[in-house]
Structure formats: C-alpha cells, structure tokens
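**Student:** The structure under discussion is supplied below as structure tokens; questions concerning it will follow.
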Amino acid sequence: MKKQFIILFLVAFAIALTSCSGRDMKTLSIDQLRDKIAGGWAGKMIGVAYGAPTEFRAQGETYEKELKWEPAFVTGSLRQDDIYVQLSFMMAMDKYGIDAPAEKFAESFATAGYRLWHANVQARKNFFDGIMPPASGSPEYSLHADDIDFQIEADYIGFMCPGMPQTSNKIADKVGHIMNYGDGVYGGMFVAALYAEAFFETDINKITNRALLSIPAESDYAKCINDVVALHAKYPNDWRTSWKELESKWGDVDICGALEPFNIDAKLNGAYIVMGLLYGGGDFEKTMEVSIRCGQDSDCNPSNAAAVIGVIRGYSGIPDKWKGGIEPIADSLFIFTNYSFNSAVENTLKYVKQLIQQNGGIITEDEVKIKVQEPLAPPLEVSFPNVVPDYKVSVFEDDGWSWKGNWAVLNRKERGIEKVVPYVRYSDEAGAEVNFTFNGTGAVITGDWKKDGGKADVYVDGKLHRTIDTYYWWAGEEKRDAFLWHVLNLASGKHTVRLVVTGKKKVEATGSGIYLKGATVFSTGMKKNEEVKLSFEK
C-alpha cells in the first residue's frame, strides 16, 4: 500500500510539473508571429503618417479639424523619426549583437545622418561632448529627461519580446537611458510592455493594466495612465469629458515646455495613447482618431496606439483602406537606415527567435513556444522631484541680467511678423560675461547651439559649476532655443549665475561665439497634478 502511494504521488507530482510548465508556455506559429510583427510595424507607419499633418497643431485643446487619409500618405513614414531612430538601434544590434553595450546604441543614432529633436538631440550633443549613457539622459545633463523620445522609439523592443515583459524592460533600461530618465524611460518600458502583452491578449483593459505592472506604480507616469483607466470607467462613451479632466490635472507638468501650452512630456502623451486604445475599443480607425484629436504630439501617439492594434490583429487584420499603401513601398528604405518594412519585419522575427531561446523558449520549423514572463517593475527614478517652473525672462529685459564686455544684439525676422525683432545677445570676446540673479531653486539658460558656437565657464554663487560648449553642427543643422546650461535643487533663495565667454572652441567649430536668449527660473513646490482632484477622486 505504501509503495502504491509513493508511485501515485510521483505520478501526480509529474503531472503537476507538466501542468505548471504548460501554463507558462504559449505557442504561436511562425506565420502568426510574423503577421503580428508586421502588424506592429504597419501600425507605426500608418499612425504616424495619418497624424503627421496635425502634430502640435492642438496644444492644450482637442484637434477638431477634418482628418484626411489616402493609402499613399503612408510613404511619409519613411522620413519619420518615430521609425528611423529605432531602426538605428536595430542596426547597432546587427553590427554588435543583440546584447551590444549602450555606448554602441548611442553611437549608432548619434552619428546617423538624420536630424533629431528634444531628448534625442540632447543625447546626440552629449555624445559628442563625451557624456555617455546613462549620464547622457540624466537630469544632470538633460532637461529633456521626461520627454517623449524613448516612448516613440521603443516599439522594436516590444515587437521582439512577445510575452516577455521582463526581457523588454532589460533592453529598454539600457537603451532608454541614452536619452531619457525616470518617466521618460518608463514611457518606453510601458509602450514595449503593451506590445509584449498584445501578442497573447485582445482585451485592451487587460493589456493596459498588465503593461502598468512593468513600471513603478508610484511613478507619475503610472499615476497618469491609471487616471485615464479610471476616467474611461466613469465616462466610457465620452472621451472628451475624460480629456478635459485629464488636462486639468496633467496638462501643465512638462519641464521641457515649461510655462507654455506645448507639451512633449512622456506622461501626458502616453495617456493619449491609452485614450485612443480604450475609447477605440479595438477599432483601428477610431483608435487613431481619438489619439490624434487629444492633441500635442499627435503623430507619435496614434502611431503607438495603432501599432498595438496591429500586433493584436496582425497585418492580415488591418483594413485594406489603411494598409493599401504599404505594399508599394514595402522594400523602400527608411531614410539613413538599411531597413525597409519587409526587412524590418524579417529581422525583428530573427531577434524574436533569439530572445525566445535565450529565455527558455523553444523554436521549431513551424512554431515557437514562448516561456511567458510576469511583469517586473524597475526601481523608481524621479527626474525632477518637486521642481516647479516659476517664470521666464528674456535677455532683452532688465530683470536679473547685468552685462560686461562686448555683447551684440542680433536680429531676425520672425515668422508671421513683418518687422525685424531682436533675437539673441552674442559675444565671442574672451572675458565677456553676464550675471543673472534670480530667486528660486534652479534655472536654465537658453540660447543657440551654432556652427560657430564656442565655450563658456558657468559659475553658481561664485563657484565654477560647469564649462559648456555651444558648438553644434550635425545633419546640416544648428539648434535654436537650446538648453545651454541648467542647475536644479539649490537651496531656496537668491542665487547668481555668472557666465564667462572663454574664447575657446572645438577644432571643428568655425567660431567661439555664445548666443543667449533667456532664462527660466524654477522653484520647489507642489505640482499641479498633486493639487488637482479628478471627479472620481472627490
């Protein structure tokens, strides 16, 4: 009897092990996997092309003009940073392997021939100034840390990690800190997790809630997305009412666009992705429309949202109205990359297979068995704790500025203004200086990065803080209205910034000038999202 019991116990234990193993393994045919990957890439292309004419045309308001679409419009996606940047990261994997170090990913996009903006261009500038990741995306060296950049270029990571959100987070942690930090990185992690979950789930609420488990619950990013989920539950048929409440709480937390209606913060734009997904109800067109009409970065947000639907449905499930323009350009290259739509799909499939095997899955000729992972959030990072924009002042106002040496006033004709107006103060005289005195806990000095930009020493309250280099000339462009220098987290009170032109420059610079436009002053306090209560919270 005892012997029979032992045998029965061993059999039951073996069955239990098999059952447990079966629960954490999910199967897709190779054709299904390829179709879902193609759906993701196609969604990116269609969404960004559809929303492109509306980008930042609605700031702090919804976009209510007519939306137009013809299949040929998708050709514009070949020139969109939402796609070509992340393809540069895939090219780094092609050259250095799937586990390439962060410096190689940074090098690949920093030295590419395309233009960049916001956190990406700051990361490129930092790369050329010798500031490598993860410092390149940190608040110490970038006021764009919470910007949208990584969020719009993390798709390839999610496409490569079906059912594997821990693996996608590992890759995102490395690549995301090239240009972002904190909520800026969590935006990319969240988007990648949406895709990872969408391979095996069709319910948008479940996909969203599962993806939220891949980022810290205490982060502002997670709080913002949770507000969208709660607002959708309260107003399931009225996205505009949800939008108004969300705007009242989260519409004014952007450090990059401080004190302006312009908002490129990852949180708010990520919320618009989820607004589209929840209110779109799985419909490809409606999902994009809601994300577009929410405004702000309204080509990026529908691009992410449409890609999620593309993964859920697969390329075969995208209506012909939307994907009809892809086949004619399927072998055309995205600018400054060696990738087309077709090759992006096939190479993504190649990396998916590698990652599946690395993480305990099984690959056969006809199917893949994926060892699915439970989401796991990284430690909390906060880019700008308690940092609140206070006021702005231009270099043509008397408030706080005092000048020594030769500073010329340069003029330009502003768009939409007939007369020529003062634009910047300029000096290339070694020893010329400006003092800016303010009351607060931090400040940023703005101006231009130029082909003839030089170096300056910046002191805070009499102590050298940093030497800055304002030279920038890449992909045939300079940068206006750049953040030349910043400091945060000072003791509250009166402070003086002293900037001294050194007359020195990089060898490749054509001059040693410093171009100054103004300053933004920060204080420490409660942010708007911490003060406002939404209707379901009252």
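Read-outs: derived from the displayed coordinates by stated rules, not from any lab. What you see is a predicted model, and the numbers here were worked out from it, not measured in a lab. A quick note on method: Cβ atoms are made from the backbone with ideal geometry, for glycine too, and the neighbour counts reach across all protein chains shown.
**Student:** Could you work out how far helix 284-293 tilts from the main Cα principal axis of the chain, as a 0 to 90 degree angle to the nearest 10?
**Tutor:** The angle comes out at about 20 degrees.
**Student:** Another question, then. Compute the whole-percent fraction of alpha carbon pairs in the chain spaced more than 38 Å apart. Please report the intermediate quantities before stating the final value.
**Tutor:** Numbers: 45351 of 144453 pairs.
Summing the P(r) tail past 38 Å for the chain gives 31 percent.
**Student:** In degrees from 0 to 90, rounded to the nearest 10, what is the angle of the helix 165-176 Cα long axis to the longest principal axis of the chain?
**Tutor:** 20 degrees
**Student:** In the structure displayed, which of 44/234; 494/527; 68/104; 450/528 lie more than 28 Å apart, Cα to Cα? Spell out each step's value before the answer.
**Tutor:** On the way: 44/234 30 Å; 494/527 22 Å; 68/104 40 Å; 450/528 35 Å.
Flagged as over cut-off: 44/234; 68/104; 450/528.
**Student:** If I fit a long axis through the Cα atoms of helix 266-280 and take the longest principal axis of the Cα atoms of the chain, what angle between them do I get, 0 to 90°, rounded to 10?
**Tutor:** Here the helix axis deviates by roughly 40 degrees.
**Student:** About its Cα centre, how strong a charge dipole does the chain have in debye, to the nearest 20, once Lys and Arg get +1 and Asp and Glu get -1 at the Cβ? Write down the numbers at each step before the final one.
**Tutor:** Details: 59 positive and 71 negative charges, 132 e Å.
Its charge dipole is roughly 640 debye.
**Student:** Quickly estimate the mean residue ellipticity at 222 nm for the chain, helices only: each DSSP H run with n ≥ 4 gives -39500 (n - 2.57), and the total goes over all residues, rounded to 500.
**Tutor:** Numbers: 17 runs with 214 residues, N = 538.
For the chain, the value works out to -12500 deg cm²/dmol.
**Student:** Here is a follow-up. Could you go through the range 354-367 in sequence order and give the Karplus-derived ³J(HN,Hα) for each residue, using 6.51 cos²θ - 1.76 cosθ + 1.60 with θ = phi - 60°, rounded to whole Hz, and x for Gly and Pro?
**Tutor:** Using θ = phi - 60°, the values come out as 4, 5, 4, 5, 4, 10, x, x, 10, 10, 10, 5, 10, 8 Hz.
**Student:** Still on this structure, I have one more. HN-Hα J couplings of the range 103-113 from phi, Karplus 6.51/-1.76/1.60, θ = phi - 60°, integer Hz, Gly and Pro as x?
**Tutor:** Using θ = phi - 60°, the values come out as 4, 6, 5, 4, 4, 4, 8, 5, 9, 6, x Hz.
**Student:** Please label the shape of the range 168-276 as rounded, prolate or oblate, based on the square roots a ≥ b ≥ c of the eigenvalues of the alpha-carbon gyration tensor (a/c under 1.5 means rounded; beyond that, a/b larger than b/c means prolate, else oblate).
**Tutor:** Working: a/c = 2.27, a/b = 1.07, b/c = 2.12.
Oblate shape, in that a/c is at least 1.5 and b/c is the bigger or equal ratio.
**Student:** What are the ³J(HN,Hα) values, in whole Hz, obtained from phi via the Karplus relation 6.51 cos²θ - 1.76 cosθ + 1.60 with θ = phi - 60°, for each residue of the range 316-329 in sequence order, with x given for Gly and Pro?
**Tutor:** 5, x, 7, x, 4, 3, 9, 9, x, x, 7, 4, x, 10
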